[in-house]
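Accompanying notes for the structure given below.
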Amino acid sequence: MKKIFLLISVLFPVILSAQDYSVKLQPPDSKFKEVEYFMWIPENVKTIKGIIVHQHGCGETAYKSGRNAFHDVQWRALAKKWDFALMGSSYTSRTDCFNWIHPEEGSYNAFINGIAEIAKQSDHKELENVPWVIWGHSGGGHWAYDMVLQHPERIICAVLKSPAWSDTSSMGLQVPLLCLLGMRESINTFSSFVYSTAVEAMKFRISKNAPVCIAPDPSSGHESANTRLLAIPFIDEILKLRLTDSTVGINRSKEYFIDLENFNLTGNKTDITYANNLTWFPDKIFAEKWLEFINTGNVSDTSPPEKPPYSVTLKREGSKIIINWQADADPGSGIREFRIYRNGKLLNQGHDNSNWNFSIDYHDNPIEIYDKFEFADSTVNIKKKYSYQISIVNNAGLESAKSMAVFD
């Protein structure tokens, strides 16, 4: 076997105690040119229990965007909640994405080798054997679906956003799937084929009693849009239903169904007259979120972020006070902004007055990345002393408790 050439780099962020890793591979027996894998491992996790894989789609912009996936604060929050690592990638094709979207053409072996190298560098040897949760968009959705068919024993669940060119198959029927489709895809010249083949493949699996949920997004086309609002809760609910930490099996005793003719929810499959009219849910909690999503393109959040910012530090620099902190996003609705309180009074408010942009792009990746959070208060009097507190506001507009006061 020819030797695989690789370059390893390990990055230790200045503020965060979590660790970022990357590995670049140039597998000689694959059709694609090279791939770089990126992994974030949460702080204070002794044993990683799984990997959430966030796989980009086709095209140069997707490849570039994929480099930001493991920086996403909302996906990191989900990974941290379950002691999982978060993994992204960036493929470089020789011609087009057909070079890598079929795992058997070299991307599966590269994926395994990438994880193995990061396992060595991070001293988390367990990474080579843990199960995977896979999210994929477009061509990445096709790759994710093929991974389910070829390696179901390693996959806890998969989320397929507009999975291009999906085929009917009886392989991996035990793996829970969420298939997200934009309603505008059904009338678009290119993506109508994506839409129709995905629906056909998912309905075939439903007819085989596979745990499959189809979710049409009324507010989008082929782009990812706000589909993470349903994707993240789906993964969260599936992880709650895992039978043990060492198996990809889930408890299906709480499953729910919906009759697509009358949109009635039921916990009894026999209530539905025609099997082709049903879709599956892991439990009633997710079923209710699905109903809201397919009607509005949104999933409402009524709970503020559970944990305020922490590890707040202050440093005077001339006429400024620099505030640094760490924070965990709300898994359900991310971070919209931070609010800074000085001596108990609000110092800043609103996105226009903040230093942060948590917007996501077409491919569900952050437009801007943050390895630390910082705010410079330039309105201080050098003769006065101040105290500071910080809160998180999620995308539902709900504010967390304030952090512990830190005194200048």
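FYI, it's all coordinate maths here, none of it is from the lab. This is a predicted model, so every value here is computed, not measured. Glycine also receives a Cβ, built like all others from the backbone with ideal geometry; neighbour counts cover every protein chain displayed.
Given the options Y256, Y386, Y341, state which has the largest fluctuation in a GNM of the chain using a 10 Å cut-off (strictly under) for Cα springs. Greatest mean-square fluctuation among the candidates belongs to Y386. Between the residues F286, Y310, V73, the greatest Cα displacement towards the positive end of the dipole of the chain, with unit charges on the Cβ of Lys, Arg, Asp and Glu, is found for Y310. Along each principal axis, taking the top coordinate minus the bottom one, the Cα set of region 5-296 gives 56, 41, 32 Å in descending order. Here the relative contact order of region 286-408, from alpha carbon pairs under 8 Å that lie six or more residues apart, stands at 34 percent.
Tell me, what is a quarter of the convex hull surface for the C-alpha atoms of region 292-408, in nm² with one decimal? All intermediate terms of the calculation are to be shown ahead of the outcome.
Values: hull surface 32.4 nm².
Answer in nm², one decimal: 8.1.
In debye, nearest 20, what is the charge dipole magnitude of the chain about its Cα centre with +1 on Lys and Arg Cβ and -1 on Asp and Glu Cβ, if you could check?
Numbers: 42 positive and 47 negative charges, 227 e Å.
Computed charge dipole of the chain: roughly 1100 debye.
Angle, helix 191-207 long axis vs. longest principal axis of the chain, Cα atoms, 0 to 90°, nearest 10? Orientation of helix 191-207: about 70 degrees from the principal axis.
Residues considered: I340, I52, I155. Largest GNM mean-square fluctuation over the chain, using C-alpha springs under 10 Å, is found at I340. Across the chain, the relative contact order, built from alpha-carbon pairs under 8 Å that are at least six residues apart, equals 13 percent.
Scan the chain and hand back the longest stretch that contains none of the GluC sites (Glu not before Pro) lying in DSSP loops with at most 16 other Cβ atoms within 10 Å. Here the longest segment lacking exposed loop sites spans 44-260.
What does the charge dipole of region 198-260 about its Cα centre add up to, to the nearest 20 debye, if the Cβ of each Lys and Arg holds +1 and the Cβ of each Asp and Glu holds -1?
On the way: 8 positive and 8 negative charges, 52 e Å.
Charge dipole of region 198-260: 240 debye, to the nearest 20.
Hey, in the chain, which Cys have no second cysteine's beta-carbon closer than 4.7 Å? Cysteines of the chain left without a disulfide-compatible partner: C157, C179, C213.
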